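Structure record follows, encoded as structure tokens.
The values are calculated or read from the model by the stated rules, or taken from the named source; none is laboratory data. Here the structure is a predicted model, which is why all the values come from computation and not from measurement. Cβ: placed from backbone, ideal geometry, glycine included. Neighbour counts: every protein chain shown. Accessible surface areas use protein heavy atoms only, side chains included; no ligands, DNA or RNA. Shrake-Rupley method; radii C 1.70, N 1.55, O 1.52, S 1.80 Å.
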Amino acid sequence: MKLVAPPPWHLTGRGLVLLYRFPTGWATDRAHLAPYQRDALWGRWGAVMLVDYDTSGVGPYRELLCLPGMLDVGGKKRFSISKIYVSTRESVDNGRHNWAIPKELGEFAWQVAPTGNSRVTVKTAGHRVLETEFRPFSPPFPLTTALVPLRLHQRLDGAALETRPSATGWGRQAKVTELSVNPVLFPDLNGLKPLVAVCIDRFRMTFPAPENG
């Protein structure tokens, strides 16, 4: 394991956020939940994120993750990542060790056309995980987690940790023209339409040291 970067991490970059209200029963059947997530699942609001980090505690890397809903953890509502791929081994090892995030290694192809269209393909061990194409279309607007605080609850290898990341940036509404996934390797988004799609640019994020959860 390449454990070289304890928290906090200060990250910058850009990405795509897809917000969903998932159908009843979808997360239980199709979201690759760990047993503790299945037992504590609460609500149907979640998100999928594609992120291209310029800087982090372990340098540039790319990321795909799913927040399939919230958990009820002792009466407190927390988000939790059920599936996540990143593009470097350093991010895998440090993410698992620092925050109990179940990162797996993926291969990312991220192309941006002069028209502003982005096409992203994610694979793992040569197998396609996700493919999407999207473009921003609205004027930029400011975003901050101060308005909607984000709390993550993760359990991995006997550790139960809670983390409160914070971020600011600029967003633009996005149109997703293509989205397909391999449901064996990622939560099955095929046929689901996000309520909102936002391209986020020039964001700054802090991932602090976690608390025991």
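Results, tabulated for the structure shown:
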quantity	calculated
Among 108-114, 119-125, 52-58, the order from most to least packed when residues are scored by Cβ within 10 Å on average	52-58, 119-125, 108-114
Prolate/oblate/rounded label for the range 108-181 (Cα gyration tensor, a/c 1.5)	oblate
Fully extended contour minus Cα-Cα distance, from ARG204 to LYS77, at 0.36 nm per residue	43.3 nm
Dipole axis of the chain (+1 Lys, Arg; -1 Asp, Glu on Cβ), positive-most option in PRO35, VAL86, GLY169	GLY169
Computed magnitude of the charge dipole of the range 22-120 (debye, nearest 20; Cβ of K, R +1, Cβ of D, E -1)	320
Inter-probe distance in nm under a simple model that places probes 7 Å from Cα toward Cβ, at ALA159 and GLU107	2.9
Residue-by-residue Karplus 3J(HN,Hα) for the range 5-12, coefficients 6.51, -1.76, 1.60, Hz, glycine and proline x	9, x, x, x, 9, 10, 10, 9
Whether the range 60-186 is rounded, prolate or oblate, judged on the alpha carbon gyration tensor where a/c under 1.5 counts as rounded	oblate
Accessible surface of the chain [probe 1.4 Å, protein heavy atoms]: carbon and sulfur percent	55
Listed residues LYS103, LYS83, LYS193, most fluctuating in the chain (Gaussian network, C-alpha, under 10 Å)	LYS193
Beta bridges by DSSP in the range 69-156, antiparallel share as percent, to the nearest 5	80
Cα→Cβ-extended label distance, 7 Å offset, between ALA146 and ASN190, nm	4.4
³J(HN,Hα), Karplus 6.51/-1.76/1.60, whole Hz, each residue of the range 183-191, x for Gly, Pro	x, 6, 10, 7, x, 7, 8, 4, x
Full-extension gain in nm, ARG119 to TRP45, via 0.36 nm per residue minus C-alpha separation	24.1 nm
Relative contact order of the chain, pairs being alpha-carbon contacts under 8 Å that are 6 or more residues apart, as %	24
Rel. contact order, % - alpha carbon contacts under 8 angstrom, at least six apart, the range 1-48	50
5 angstrom amide H check on SER87, placed H, neighbours 5+ away	ARG62, GLY106
Lys, Arg +1 and Asp, Glu -1 on Cβ, resulting dipole of the range 58-213 about Cα centre, debye, nearest 20	340
Residues in the range 19-62 that a label on TRP170 would reach, taking backbone N under 17 Å of a point 7 Å out along Cα→Cβ	54
Count of Lys pairs (Cα-Cα under 20 Å; at least 8 positions apart or interchain) in the chain	6
Separation of alpha-carbon centers, the range 160-185 and the range 89-120, rounded to whole Å	11
Sequence-distant residues sharing a close amide H with ALA160 (under 5 Å, placed H)	GLY213
Surface per residue (accessible, 1.4 Å probe) for the chain, Å²	49
The range 84-123: C-alpha gyration tensor shape, a/c 1.5 cut-off, then a/b vs b/c	prolate
Calculated [θ] (222 nm, deg cm²/dmol) that DSSP helices of n ≥ 4 give over the chain, each run adding -39,500 (n - 2.57)	-2500 deg cm²/dmol
FRET efficiency estimate (nearest 0.05) - Cβ-Cβ, ASP54 to GLU178, R0 25 angstrom	0.50
